[in-house]
Amino acid sequence: MENNAYSGLRKALLEIAYLGQASTLLNWDMEINLPKLGHKARAEAMGYIAGLNHGKFISRKFEEILMRAVELEKSGNLGSEDSFIVLKTLSDFEKARRLPSKFVEASERLYGEAYEVWVNARAKSDFSLFEPYLTKIIATKRQEAEYIGYANPPYDALMDNYEPGITCDAVFEIFDQLKQFLVPFIEKIKHSQVKIDKEFLARRFPIDKQDEFIRMVVRAMGFDFDRGRLDVTIHPFCTSLHPTDVRITTRFDEKDFLNQALMSAIHEAGHGLYDQGLREEYFGTPLGDAISLGIHESQSRMWENLVGRSLSFWKYFFPKLQKAFPEQLRGVSPEQFYKAINFVEPGFIRVDADEVTYNLHVIFRVEMERDLIEGNLEVKDCPYVWNKKMKEYFGLDVPDDARGILQDVHWSGGLVGYYHTYALGNIYSAQFNHAAHVQISGLENKIAKGEFLELGEWLRKNIHVHGELYLPEHLILRVTGEKPSPKYFIDYLNKKYSEIYEL
Ligand code: ZN
């Protein structure tokens, strides 16, 4: 009887996970294989299955199964991991229940329409077309925060959707320190006398050779191709159906191998390693799922930047790269190459930003979202505020809305309270990287010899296998001995770029 209550919950969770798998696969296929005119029909099918899944989760039947398991948990007869699964499922259930189905449906419809309006507004570079939709989206997100509930302020509730446990105040405490460092640091780099030659990066690199090289690097990182795939897409991403079926993508451009194809692939493989590192036996439960977007991004950023743009990494891979592309890299030294892939230049576009300027792009978006949700900024004033911040932080004059406020898809899809996870990912990555170097002896030398196994294993046992067991803040404290802090990221940038730019 008792065991039945728990196994009943596990079975119900599995059924929900199977539907989730179907959604994930339809989405992956949409990104990779879908013919041009197939989008509308696919979106309808995906919407139906997502609704079915949500409905199943918040149904009376699921509630009954869950409550039986909760009773069992209260009796103290479950082990700690099983007990965690029951209680976490209960809190997820209660949260999902707080949003009325009608509200969820109406929001999804709004985001669907807003996305098409945004695509058109961006193509015409005209914010006024998107403005009425963004106004509705902000109102919807405020309503959502009210339904979910918050201690203070409402933006906390939205942030919590993607990075559980962290508050707006805590995020801005970290961001303000980072901003204080970044703005003058970028100014110093701009005035550095060091000239970096990166012309050779734009030479023609044949795509079949790019693909071969990428597979070699990603495999060396520990990405298991028996439990994953690599495909081609326009916007690189990683998606997971199961720890034994993790799919990463990259994009190819003959004249931009390193920053487009290779670095995107390394980034996505970092995400992929997290998903492959989750425990199979807990598939479908909170123990088999990643804890947050920030922690996920810390894994991708660590491999992409702290490892993949380090001199040690290229000590090992540069000779191989030069062998694969002798024409393109004739006369280029590893040091020249290292500097070229770490070139810093403030620009308008977040997704093209280097690792120094990137976080400022994120920080000012988060500042704007907070002000929008708190009612301290009106949607109609957003382009003005956006452009003002670009001037203040980067010294740049935004030429048009397409290269300004309309560049990112997030708001049109209702992703408000999401951006901070990108910057937190960078901050966490440096803190994890520091801890890894303290705890794994000779790690830098190992990287320089192409030995990544120990690092991969360290990440797996310290981060991946725990699923959602620890909130990000607790996980970081557990692994690094400290709460999340921007200190390590600031130290990392300061050291690396002071050397490159001779500051
Ligand atoms: Zn990512």
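The values are calculated or read from the model by the stated rules, or taken from the named source; none is laboratory data. Please read all numbers here as calculations on a predicted model, not as lab measurements. In this analysis, Cβ positions are derived from the backbone assuming ideal geometry, glycine residues included, and neighbour counts consider all displayed protein chains. With ligands, DNA and RNA removed, areas are computed over all heavy atoms of the protein, side chains included. Shrake-Rupley method; radii C 1.70, N 1.55, O 1.52, S 1.80 Å.
By DSSP, the beta bridges lying fully in the chain are antiparallel in about 45 percent of cases.
Each part reduced to its alpha carbon centroid, the range 441-460 and the range 1-77 end up 37 Å apart. Cross-linked pairs 88/461; 95/391; 88/496; 136/255: Cα-Cα separations exceed 32 Å for 95/391; 88/496; 136/255. Using the rule -39500 (n - 2.57) for each DSSP H run of four or more residues, divided by the residues of the chain, the 222 nm mean residue ellipticity is -20000 deg cm²/dmol.
Name the shape class, rounded, prolate or oblate, that the alpha-carbon gyration tensor gives for the range 112-186, where a ≥ b ≥ c are the square roots of its eigenvalues, rounded holds for a/c under 1.5, and otherwise prolate holds if a/b is larger than b/c and oblate otherwise. Oblate.
On a 25 Å Cα-Cα criterion, which of the cross-link pairs 190/389; 190/483; 141/389 come out too long? Distance filter (> 25 Å) returns 190/483.
Counting other Cβ atoms within 10 Å of each Cβ, which trypsin sites (Lys or Arg not before Pro) in the range 37-146 have at most 15 and sit in a DSSP loop? Hits after loop and neighbour filter: nothing returned.
Summed over the residues of the range 66-116 and divided among them, the accessible surface reaches 57 Å² per residue at a probe radius of 1.4 Å.
The charge dipole of the chain, taken about its Cα centre with unit charges on the Cβ atoms of Lys, Arg (+1), Asp and Glu (-1) only, comes to about 760 debye.
Of the residues 125, 101, 80, 298, ranked by 1.4 Å probe accessible area with the largest first, the sequence reads 80, 101, 125, 298.
Expressed as a whole percent, the accessible area of the chain that falls on carbon and sulfur atoms is 51 (1.4 Å probe). How many angstrom lie between the Cα centre of the range 141-207 and the Cα centre of the range 271-325? Here the two parts' Cα centres lie 20 Å apart.
Each peptide among 45-51, 427-433 gets the average number of other Cβ atoms lying within 10 Å of its residues, and from highest to lowest they stand as 427-433, 45-51.
What is the range 318-476 by shape, rounded, prolate or oblate, if you read a ≥ b ≥ c off the alpha carbon gyration tensor as root eigenvalues and call it rounded for a/c under 1.5, prolate for a/b larger than b/c, and oblate otherwise? Oblate is the answer for the range 318-476, as a/c is 1.5 or above yet b/c matches or exceeds a/b.
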